[in-house]
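Step one of this worksheet: look at the structure below.
The values are calculated or read from the model by the stated rules, or taken from the named source; none is laboratory data. What you see is a predicted model; the values in this text were computed from it and never measured. Positions of Cβ are generated from backbone atoms using ideal geometry, with glycine treated the same way; all protein chains shown enter the neighbour counts.
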Amino acid sequence: MNEFEAVVNKLKDFKNRRHDQEEEDEISKILLELREKFVQIGDQEKAKEVWRLHTIKLIHRHYINAFKCMKTKKFYDGWCYLELAEKHLGYLGEHFNIGEPGDPFFLSFIKKQVKKFQDIYPNYIFHSTGINVKTSRCSICNEIITPRNHCGHELREIYDGMRCVRIPQDFELDHDAITRYPYWKYRVLFKKDEETEEMVDNYDYSFIDYLIEILPSPYDEWDYKRVEQLIPHSEFKHFNGDDKCPCHSGKKYKECCSEKDGILMPFIYFGGFKPLKDPKTIKIYPTRPESPNINEIKDNLFVYTTVMVKAELFYID
Amino acid sequence: MIKMCAQHDFEIIVYNSEISTDLILNQKFVPDNLKDSIKASNVLFLPKIINDKPFYEVETLDLFRYFRNAVEEGFKPELCVSDDDFQFRREEAAEEFFVLGWFLIKYAVIKPFIKKLKEYLLKKLKRNIPIELKITAKKTKMTKTVDLEYKGLPDHIDRILDKLEDFWNE
């Protein structure tokens, strides 16, 4: 078996791999050597295959890192790794079929699970910027690209086993906006503690926290379903009319559900685990309250800050 | 007049337009040394004007090159700014559509332009995402200019041609 096939087999055996740094470095080293070898002999197709394997390795690494972070309650970091896995799945999908029969690299599975994890994260609020780019460089040859002087490397194509992107050189920030639908999902807005001025993550991670506690491995399948259930008023005796309604509408209890037959509450069912701690259990969990109203945040913009931890994502792709 | 064709996966808006090459040549940002080339062009990439400054879209660099490489097919693409003044705006909020830009197209190359654009979208964009573009075209000197805005998946982009024919046959 040659080195290339050995790496393919190793990547297919993702469930039994150690996924530690030593193993990661070992695979990376082999892939780097293979890429250099193919580039040297001018075999661009093979070099592209090496890029594919490298990207598959990255997808698994980011997905596992996301899982580890969630397990250790570093939920925001987990969110960032989920985004990285999602981005690399997208890049791979530009050139190769992710939905291969039999899903040998488990990519369809990861794609599905990343989306589900993201769905049960809190309703984050993000900031996004608009930038005016005057000049940008090609990531392959490092040349400045202008409309009439183009290096010839096409955006998103694979050259020498690397994906071509544009790196902004001369640019200015035009505007900053608050949004629920950002291009980069890592740009989450957090509150700043008024006294210590440190970032406070006060988003409600109860769903993900609950799920990750009972999920044994990132490669175990799980699913969820959103439902609504009528809860009797007797369950909310401690609420008075001026409190916010338990249905999370944001209105006062007396102006919302207090006169109705009950309170229609959103819930989530988690299920489909193999194995579960208690396989017969299908858990039911109330959905989170809505995250802060976006207009309220605009009024208190200065108390929010952001964590720019993924600077490597700053490119045009 | 505004016509709309809304289906599940695309939408085309058609309306009369006042844009012309002469109007563009009078813009402050158009340099003198480009004016002849702009007059001669049959695929003119129009900028978006924000605070009196011209801005292009993220994809313009690569799309412009794609058409420049197809001069043998009869395309004479041009931009309205020099390389030194060229800049594009990158919006980071997730837009519903991927905006390709605004193009002033001469009648003779409308069909090949749409064909070439579709080829680019399917081969080079590498993403099956809804796109948005605006095309301004003129059939004869006597007819008014018409604007078409297309929003939808790349697969149906040639439906622009049907809409144009309908418009001109009225």
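Couple of notes before you dig in:
- Any hit, the range B:149-159, residues being more than 20 Å from B:Tyr56 (Cα to Cα), aromatic (Phe, Trp, Tyr) and surrounded by 16 or more Cβ atoms within 10 Å (Cβ to Cβ): no
- Matching residues, the range A:124-149, being without any contact (Cβ under 8 Å) to a residue 12 or more places away in the chain and either surrounded by fewer than 19 Cβ atoms within 10 Å (Cβ to Cβ) or more than 10 Å from every other protein chain (Cβ to nearest Cβ) (or both): A:Asn142, A:Glu143, A:Thr146, A:Arg148, A:Asn149
- In the range B:125-138, the qualifying residues are those that are among the charged types (D, E, K, R) and more than 10 Å from chain A (Cβ to nearest Cβ), and the one that is nearest to B:Phe67 (Cα to Cα) is B:Lys134.
- Among the candidates B:Glu91, B:Glu11, the residue that is modelled with pLDDT under 95 and in contact with a Cys (Cβ under 9 Å, 6 or more places away or on another chain) is uniquely B:Glu11.
- The range A:165-217 - residue that is within 12 Å of chain B (Cβ to nearest Cβ) and among the aromatic types (Phe, Trp, Tyr) and, of those, surrounded by the fewest Cβ atoms within 10 Å (Cβ to Cβ): A:Tyr181
- Counted residues, the range B:111-124 - those being over 16 Å from B:Leu44 (Cα atoms), touching a helix residue (DSSP H, G or I) at 6+ places or on another chain (Cβ under 8 Å) and more than 8 Å from chain A (Cβ to nearest Cβ): 4
- Where B:Leu79 falls short, out of the listed (1) touching a strand residue (DSSP E or B) at 6+ places or on another chain (Cβ under 8 Å); (2) facing chain A (nearest Cβ under 10 Å); (3) at pLDDT below 95; (4) buried (at least 19 other Cβ atoms within 10 Å of the Cβ): (3)
- Of all residues making up the range A:16-43, the number that are in a loop (DSSP other than H, G, I, E, B), surrounded by 10 or more Cβ atoms within 10 Å (Cβ to Cβ) and under 24 Å from the mean Cα position of the chain (by Cα): 2
- Wholly enclosed strands (runs of 3 or more DSSP E) of the range B:81-170 bearing at least 1 residues without any contact (Cβ under 8 Å) to a residue 40 or more places away in the chain: B:88-91, B:98-106, B:131-138
- Qualifying positions in the range A:150-163 - more than 8 Å from chain B (Cβ to nearest Cβ) and hydrophobic (A, V, I, L, M, F, W, C): A:Cys151, A:Ile158, A:Met162
- The range B:47-76, residues that are surrounded by 13 or more Cβ atoms within 10 Å (Cβ to Cβ), aliphatic (A, V, I, L, M) and more than 8 Å from chain A (Cβ to nearest Cβ): B:Leu63, B:Ala70
- Every condition in (1) away from chain B (no Cβ under 14 Å); (2) within 24 Å of A:Lys73 (Cβ to Cβ) holds for A:Leu107 except the one numbered (2).
Each row is one residue, and each column tells you yes or no for (1) away from every other protein chain (no Cβ under 14 Å); (2) aromatic (Phe, Trp, Tyr); (3) touching a helix residue (DSSP H, G or I) at 6+ places or on another chain (Cβ under 7 Å).
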position: B:Asp85; (1), (2), (3): no, no, no
position: B:Phe97; (1), (2), (3): no, yes, no
position: B:Val109; (1), (2), (3): yes, no, no
position: B:Leu153; (1), (2), (3): yes, no, no
position: B:Asn169; (1), (2), (3): yes, no, no
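- The set of residues from the range A:182-196 being over 13 Å from the mean Cα position of the chain (by Cα) and in a loop (DSSP other than H, G, I, E, B) comprises A:Asp193, A:Glu194, A:Glu195, A:Thr196.
- All of A:Lys10, A:Lys46, A:Lys112 fail the test of being basic (Lys, Arg), loosely packed, with under 15 Cβ neighbours inside 10 Å and either touching a residue at least 12 places away in the same chain (Cβ under 8 Å) or part of a helix (DSSP H, G or I) (or both), apart from A:Lys112.
- Qualifying residue in the range A:219-231 (condition: free of Cβ contacts under 8 Å to residues at least 12 places away in the same chain and under 24 Å from A:Phe267 (Cα atoms)): no
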